[in-house]
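Shown next, in structure tokens, is the structure this report addresses.
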Amino acid sequence: MEEQYLPRDIEQHAQTHWESKQSFEVSEDPNKEKFYCLAMFPYPSGKLHMGHVRNYTITDVISRYQRMQGKNVLHPMGWDAFGLPAENAAIQNKTAPAKWTYSNIEYMKGQLKSLGFGFDWSRELATCRNDYYKWEQWFFTRLYEKGLVYKKMATVNWDPVDQTVLANEQVVDGRGWRSGALVERKEIPQWFIKITDYAEELLSSLDQLPDWPEQVKTMQRNWIGKSTGVEMSFALQNEVAGLSDIDVYTTRPDTIMGVTYVSIAAEHPISLALAERNSELAAFIQECKSNSVAEADMATMEKKGLDTGLKAIHPISGEEVSIWVANYVLMDYGSGAVMAVPGHDERDFAFANSYQLPIKQVIASTLADDPAFDSSNWQEWYARKNDTRTVNSGEHFGELDGLDFQAAFDAAADKLVELGKGTLKTNFRLRDWGVSRQRYWGAPIPMFNLPEGGEIPVPLEKLPVLLPEDVQMDGVQSPIKADPEWRKAEHDGQAVEHETDTFDTFMESSWYYARYTCANLEDAMLDPAKADYWLPVDQYVGGIEHAILHLLYARFFHKLMRDEGLVNSDEPFKRLLCQGMVLADSFYQQNEDGSKIWFNPADVQLEKDEKGKVISAKSDSGESLIAGGMTKMSKSKNNGIDPQTAVDQYGADTVRLFTMFAAPPEQTLEWSDAGVEGASRFLRRLWKTVYSHLQAGEAGKIPGSGLNEQQEALRHKVHSTIKKVSDDYGRRQTFNTAIAAVMEMMNEVTRQADRSTPEHLAVEREALEAAVLLLAPVTPHISQHLWAAMGNGDDVIDASWPQADESALVQSNIMLVVQVNGKVRSKITVAADAEESSIIETAKADSNVAKFLADKEIKMCKVIPNKLVTFAVK
């Protein structure tokens, strides 16, 4: 063993060794308990960032720990390779998305290997490869045949200059990102999968996931949005567009007597029919098409509308109410019409005040602290269900007055049902999954469009529908939409056309975890035997930003595959860990126009005071900079730390150790150069301790008896650390506290570095081997080298996890801290079974304690078992 710790050399050696032995390739073994550990796969953007490093270090630590538990561990990796960023990069770099993507995959794969992650690369997949998306296409055709796929007109973002559909992220301040034109909402044919058919199961089976964060389950419940309400009809005075009434759905039938008008969407059939002879309304509908439909934007935008001049009949009172077209009502939600209760809905309230429409209070607070109802100032309680009662129902429905929410709900629902004007109904906020994208870099949707209209699925023998990869991007139109030759196809002797839309990339990420179980299978989507062996995933790790869409779509897709007979489990991911973000210092220079130029921390010169506090920051050219504080590493703030730079400087093990030690996995991690240097110092100290131990001579076995007090204390520390770290890695998943425990144990080892006897050398060897094994999941390279240096024949990855020796945990003596008036004055050693009175006398007799008790009145003396003795004196 070399005296100096040289990370680059030992890490290269370990990685070469693992690769030559194919150490992480696994196959199904019915005789071993399986463990499937998975990190959300990356988009091949070109370079790893620290968020990637943290994510994959977490799964690597868990995988290695479970392997040392004797389990058959699957830990795969692949690439979420389709999507809009590749198109943008291709345009910018004047290349094809495929070439850019494959090049990035190779570079990032090398970065992942340099960090020592134990991935089974034999199962690597990339979603842009046709051997992957072929089976996604096949599955889509199966869903179509089952009636779970349909095509309908749907609203998209349309750039009128570039004549193309834009993704939401391509719309900036309401304008196209390239043309700058005001974006319109336009209806075009789109493909949908009926996720709403599974809404109830998606909601109820969340209860089968006790090891998911409650926050994520709550977010999914809210997104699915199950509600019970009433669907009712407002009759029209005169038939319009073939309609004699307007249907609305409400979860607040208790407010039915507060309806003062009805709002309909700009795209409602009544609106469109009236616009044919009303130019003002036609112009307003056109204006609405350029509005953002994001919920956050709709909540803050100005509420606008036009009176149609039509009247609807209130279903209970029979009174006339006006019908307005309003920009805050969307056709995509419900029936495209709402009963407006401005007294108790904030958007209706703002609209009514803008157009001087009646506002009627029908709910009153029962809490004295709430202000009185004021039709000009909104209060939160106006929309509350709890601590309220109904009022002002008047002559038409007086029996509604004085009821709480549930009683009023039931009374109003019963009345509407009795009158034949309404029915109880359960609704979901969830809408069917629109999977059509008008972009190029995605899997082609496997449908043939027929000359006479309609479509049929592409048969299996003609799959995959290949996406051409050698293309030129002009940034305006998809190459497959622009190429009439690509569209041409033949089926059963007749000319047909390929669908030119491509799949939403959530399609690929919704089943990749299952494909890993049989990634090289050529003749089917999944091998049910292999899928059933590995699935569900035992541990899934990824960012909280994927809590809704990705995780919901993956759960849905899993149930679809189950119903196709491809898997036999109900849920894809048994345990979920959402890791926190990685933060770093940010620095900027303020321009005269208020804009900022951000500087990478690596290019900033810092001046610190004696306590390490930054007192000035300057660029390399000497310009003064402003500290922007700790923020998420991002391109916009230019504060990303290149993982490769950190690995080159300190070694992969140091980066991994810091990443796991600096914060619990679910919390944000603040990147700190000082923290990284501290992790490096600890590994050098571990190396030096093992080296000096080996230089001291051969260590024998620990004798069954005859250890002195110091040696027994060290053994107790070692085995209590094993017990704690095992729990931290396994049940608690608090890797930072596990590392802290090993560091504390190593402090004890170095404090007791007496190698004069064979007994102590043996106890020290046990401690050092335990430290190496406990750190092996986090710092695998140095652990591999030290394990071998201490004479162990097997690789550390194949070693068994250390087990706590219960006999070593039994202490004959214990050490207690002694405090006087809250300040530590000494430490004493007493028998583990000593009486309290004996412990107090021993504490009083300690010379360091006695001088603080001399001539003092002892007001209180207390022994806290196994921890401390505390005195209060006067």
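Every read-out reported here was derived from the displayed coordinates using simple, explicitly stated rules and does not represent laboratory data. Only a predicted model underlies this, so the values are computations on that prediction, with no experimental measurement involved. Note that we place each Cβ from the backbone using ideal geometry, even for glycine, and neighbour counts take in every protein chain shown.
What's the Kirkwood radius of the chain in Å, using all Cα pairs?
Numbers: mean 1/r = 0.0307 Å⁻¹.
After inverting the mean inverse Cα-Cα distance, the result is 32.6 Å.
Round to a whole angstrom and tell me the spacing of the C-alpha centers of the stretch 850-867 and the stretch 347-385.
Their Cα centres are 64 Å away from one another.
Which value, in debye to the nearest 20, gives the size of the charge dipole of the chain about its Cα centre, when Lys and Arg are +1 and Asp and Glu are -1 at the Cβ? Present the calculation step by step, with values, prior to reporting the outcome.
Numbers: 90 positive and 127 negative charges, 458 e Å.
Taking the Cα centre of the chain as origin, the dipole is about 2200 debye.
Given the options Leu274, Ile739, Ala167, identify the residue whose Cα lies farthest towards the positive end of the charge dipole of the chain (+1 on Cβ of Lys, Arg; -1 on Cβ of Asp, Glu).
Of the candidates, Ile739 comes out farthest on the positive side.
Return, for the Cα atoms of the stretch 226-428, the radius of gyration and Dmax in Å, separated by a comma.
Radius of gyration, then largest Cα-Cα span, for the stretch 226-428: 16.7, 52 Å.
Hey, could you grab the Kirkwood Rh for the stretch 367-415? Inverse mean 1/r over distinct alpha carbon pairs, Å, one decimal.
Working: mean 1/r = 0.0833 Å⁻¹.
In the stretch 367-415 this quantity evaluates to 12.0 Å.
Straight-line reach from Lys94: which lysines have Cα under 30 Å away, leaving out those fewer than 8 places along the same chain?
Lys47, Lys109, Lys113, Lys134, Lys481, Lys488, Lys596, Lys635, Lys637
Relative to the longest principal Cα axis of the chain, at what angle does helix 405-418 sit, 0 to 90 degrees, rounded to 10?
30
Would you please put 11-17, 861-867 in order of how densely packed they are, using the mean number of other Cβ atoms within 10 angstrom per residue and starting with the highest? Please list the in-between numbers first.
Numbers: 11-17: 16.7, 861-867: 12.6.
Those peptides, ordered most packed to least, come out 11-17, 861-867.
What are the lysines whose alpha-carbon lies under 18 Å from the alpha-carbon of Lys608, with same-chain residues fewer than 8 places away excluded?
Counting by Cα, and skipping residues close in sequence, Lys608 has these lysines nearby: Lys618.
Would you mind putting 62-69, 576-583 in packing order, based on average other-beta-carbon counts within 10 Å, highest first? Provide the component values of the computation, followed by the final result.
On the way: 62-69: 23.8, 576-583: 20.1.
Result, highest mean Cβ count within 10 Å first: 62-69, 576-583.
For Lys34, go through the aspartates and glutamates and keep the ones whose alpha-carbon is under 19 Å away, minus same-chain ones fewer than eight residues off.
Of all the aspartates and glutamates, those that pass the test against Lys34 - Cα under 19 Å, at least 8 places apart if same chain - are Glu25, Asp60, Asp120, Asp211, Asp527, Asp532, Asp538, Asp570, Glu571, Asp798.
I want the local charge near Thr829. Using Cβ-Cβ distances under 11 Å, sum +1 for each Lys or Arg and -1 for each Asp or Glu among the other residues.
Details: positive: Lys827; negative: Glu709, Asp846.
My count for the surroundings of Thr829 gives -1.
Express the relative contact order of the chain as a whole percentage, based on alpha carbon pairs under 8 Å and six or more residues apart in sequence.
13
Any chance you could check the Cα centroid distance between the stretch 245-283 and the stretch 683-733 for me, in angstrom?
Here the two parts' Cα centres lie 75 Å apart.
Taking the dipole about the Cα centre of the chain, with the C-beta of Lys and Arg at +1 and of Asp and Glu at -1, give me whichever of Ile445, Ser354, Leu526 is farthest to the positive side.
Result: Leu526.
Less than 13 Å Cβ to Cβ from Pro479, Lys/Arg counted +1 and Asp/Glu -1: what total charge do the surrounding residues give?
Charge balance in the 13 Å sphere: -3.
Taking just the alpha carbons, could you work out the radius of gyration and Dmax for the stretch 765-874, both in angstroms?
My reading of the Cα-based Rg and Dmax gives 21.4, 63 Å.
Find which of Leu707, Gly675, Ser569 sits farthest along the positive direction of the dipole of the chain, computed with +1 on the beta-carbon of Lys and Arg, -1 on that of Asp and Glu, about the Cα centre.
Checking the options against the dipole of the chain, the answer is Leu707.
Would you calculate, for the chain, the mean residue ellipticity at 222 nm contributed by helices, counting each DSSP H stretch of 4 or more residues as -39,500 (n - 2.57) and dividing by all residues, to the nearest 500? Don't jump to the answer; show the numbers that get you there.
Values: 28 runs with 305 residues, N = 874.
Computed ellipticity for the chain at 222 nm equals -10500 deg cm²/dmol.
Express in whole angstrom the spacing between the alpha-carbon centres of the stretch 131-200 and the stretch 636-670.
Here the two parts' Cα centres lie 38 Å apart.
In vacuum, with every alpha carbon of the stretch 813-873 counted as one equal point scatterer, what does the Debye formula give for log10 I(q)/I(0) at q = 0.29 Å⁻¹? Two decimals, please.
Normalising to I(0) and taking log10 leaves -1.37.
Can you tell me which of 703-710, 245-252 comes out highest on packing, and rank the rest after it, using the mean Cβ neighbours within 10 Å?
On the way: 703-710: 10.8, 245-252: 19.1.
Descending packing order for the listed peptides: 245-252, 703-710.
For the cross-link pairs Lys226/Lys632; Lys152/Lys217; Lys385/Lys425, which exceed 27 Å when the distance is taken from alpha carbon to alpha carbon? Before the final figure, lay out each step's value.
On the way: Lys226/Lys632 34 Å; Lys152/Lys217 31 Å; Lys385/Lys425 19 Å.
With Cα atoms farther than 27 Å apart: Lys226/Lys632; Lys152/Lys217.
Tell me the relative contact order for the stretch 625-689 as a rounded percent, counting alpha carbon contacts under 8 Å between residues six or more apart.
Numbers: 26 pairs, mean separation 16.3, N = 65.
Once divided by the residue count of the stretch 625-689, the mean separation gives 25 percent.
What net charge do the residues around Gly793 carry, taking every other residue with its C-beta under 15 Å from that of Gly793, with Lys and Arg at +1 and Asp and Glu at -1? Working shown, then result.
Values: positive: Lys21; negative: Glu769, Asp794, Asp795, Asp798.
Net charge in that neighbourhood comes out at -3.
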